[in-house]
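Take a look at the structure set out below.
The values are calculated or read from the model by the stated rules, or taken from the named source; none is laboratory data. If you're wondering where the values come from, they're calculated on a predicted model, not measured in any experiment. Neighbour counts are summed over all protein chains in view; Cβ atoms, including those assigned to glycine, are modelled from backbone coordinates with ideal geometry. Side chains included, ligands, DNA and RNA excluded: accessible areas come from the protein's heavy atoms. Shrake-Rupley method; radii C 1.70, N 1.55, O 1.52, S 1.80 Å.
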Amino acid sequence: MGCDSLIELELVDYQGRLIRANKYCNSDLFWACRGAGGGNFGVIVSMTFQLQEPTDCPVTLVRFYYVGTTREKQAQVMNVWQNWLPGLDKRMTIVASFYNAEGEGLGIFATGFFYGSSARAREILQPFAEVEGFRVELETSSFLEAVKKVEETYPPSEKFKSTGRFVQRRYSPSELKNIADLIQVPAGGSVYAAVSFYAMGGEIMCVGKRETAFFYRDARYIMGIQSVWTEDSAAEENRKWVRGRFEYIKSITEGSYVNFPISKLRNYECEYFGENAKRLDKVNKKYDPYNVFKFPQGLR
Ligand SMILES: Cc1cc2nc3c(=O)[nH]c(=O)nc-3n(C[C@H](O)[C@H](O)[C@H](O)COP(=O)(O)OP(=O)(O)OC[C@H]3O[C@@H](n4cnc5c(N)ncnc54)[C@H](O)[C@@H]3O)c2cc1C
């Protein structure tokens, strides 16, 4: 995660003072900003990151999908995912989307990186290849080229609502069916409705839950849900669609991801920051005692 490579930041506080925070100086603020910095303590004006060792090792861009996707296949591939992810080689990270798109219908699309050869990537993906209809594209390039290719898949702008929660456990076949059911009937005016699984694990788990403000380090993956529309008249229905389905996802997960926030979340400090919420409140009272930096889901 980005916050694990952060080594220093500078912040303008509520009095207009420039404060530096790192492991040694204002270390409580530094701790808090690694997972909960957005909008809470002041205006961050500089961040210093530790770059990874430069390496000539090429990256394999992984993309796979299934022809002839059905609801049953979506639930089946979700099951492969949840059995495959624990213990996955930490050089691989994938996001898998189970979707229902206008003009295309049901689909599954996964994309990610493998910091190794395409031959080894193919072997690692073998459990997915065992489900009928599997198609894979493996492209070797420099890291930067691979990032650009992923970036190209995002449109310049989009009207959407999305949110996401942390998954800590395996789901039963009936729960997987319920998850697949969430996207079988999209909202009116939706052009793309999806449930997405963002892999966690790997290096994220190598740091303790209390070592930085990012609490949900032991989650297996993030389950996101989203709906995309084009006409403004469809906005309200699509927002309601996401919010309604979110209730089911909330009932089977623990904790919400602060980068995929959702309004009207009861006890949002605990939902976003788990057992780090109390310590964050203390840091907030120290660095922003008059709550100058506030927003609907800010620390109080
Ligand atoms: C297409 C898309 C893909 C995404 N993919 C991912 C992903 O893969 N992984 C992931 O983790 N997230 C992802 N996100 C979410 C994104 O990382 C978060 O929304 C993030 O908060 C964006 O930061 P921002 O500064 O651009 O946004 P903003 O909404 O401007 O800021 C977020 C918060 O930080 C505060 N803030 C902004 N600037 C400062 C500052 N200088 N000092 C202090 N506080 C500040 C704001 O007040 C707000 O509370 C994605 C979002 C989109 C739209």
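If each of residue 152 and residue 12 carries a label point 7 Å out from its Cα toward its Cβ, how far apart are those two points in nm?
3.9 nm
In whole angstrom, note down how far apart the Cα centers of segment 179-223 and segment 109-137 are.
20 Å
Given H placed on each backbone N at 1.01 Å, which residues far from residue 192 in sequence or on other chains put an amide H within less than 5 Å of it?
Amide H neighbours of residue 192, under 5 Å, 5+ apart: 102, 228.
Give me the number: length gained by fully extending residue 144 to residue 67, i.e. 0.36 nm times residue separation minus the C-alpha to C-alpha distance, one decimal in nm.
Additional length available on full extension: 24.8 nm.
Roughly how many nanometres apart are two label points built 7 Å out from the Cα toward the Cβ at residue 27 and residue 239?
4.4 nm
Just how many % of Cα pairs in the chain lie over 28 Å apart, if you round to the nearest whole percent?
46 percent
Considering only protein heavy atoms, with the full assembly of protein chains and a 1.4 angstrom probe, order 249, 204 by accessible area, largest first.
204, 249
Rolling a 1.4 angstrom probe over the protein chains, ignoring ligands and nucleic acids, what is the accessible area of residue 130 in square angstrom, nearest 10?
Its heavy atoms expose roughly 130 Å² to the probe.
In terms of Cα to Cα distance under 19 Å, which aspartates and glutamates are near enough to residue 285, apart from those fewer than 8 places away along the same chain?
Filter leaves 10, 13, 28, 269, 275.
Can you pull the accessible area of residue 143 for me, 1.4 Å probe, Å² to the nearest 10?
About 100 Å², rounded to the nearest 10.
Over the Cα atoms of segment 127-197, what Rg and Dmax result, in angstrom?
For segment 127-197, the Cα radius of gyration and maximum Cα-Cα distance read 16.4, 42 Å.
Test of understanding: express the Cα radius of gyration of segment 65-217 as a ratio to 2.2 N^0.38 Å, with N the residue count.
Rg over 2.2 N^0.38 Å, computed on Cα atoms: 1.10.
Could you provide, to the nearest whole Å², the per residue accessible area of segment 207-261 with probe 1.4 Å?
That works out to 46 Å² per residue.
Which of the aspartates and glutamates could a cross-linker bridge to residue 148, judged by Cα under 18 Å and excluding same-chain residues fewer than eight apart?
56, 137, 139
Report, in degrees rounded to the nearest 10, the 0 to 90 angle that the Cα long axis of helix 235-251 makes with the longest principal axis of the chain.
Between the helix axis and the principal axis of the chain, the angle is about 90 degrees.
Of all the accessible heavy-atom surface of the chain, with the other protein chains kept in place and a 1.4 Å probe, what percent is carbon and sulfur?
53 percent
Using only protein heavy atoms and a 1.4 Å probe, report how much of residue 153 is accessible, in Å² to the nearest 10.
90 Å²
Normalised by the residues of the chain, what does the relative contact order come to in percent, with Cα pairs under 8 Å and at least six apart?
22 percent
How far, in nm, would the chain grow between residue 48 and residue 126 when pulled straight, counting 0.36 nm per residue and subtracting the alpha carbon separation?
Result for the pair: 24.2 nm of gain on full extension.
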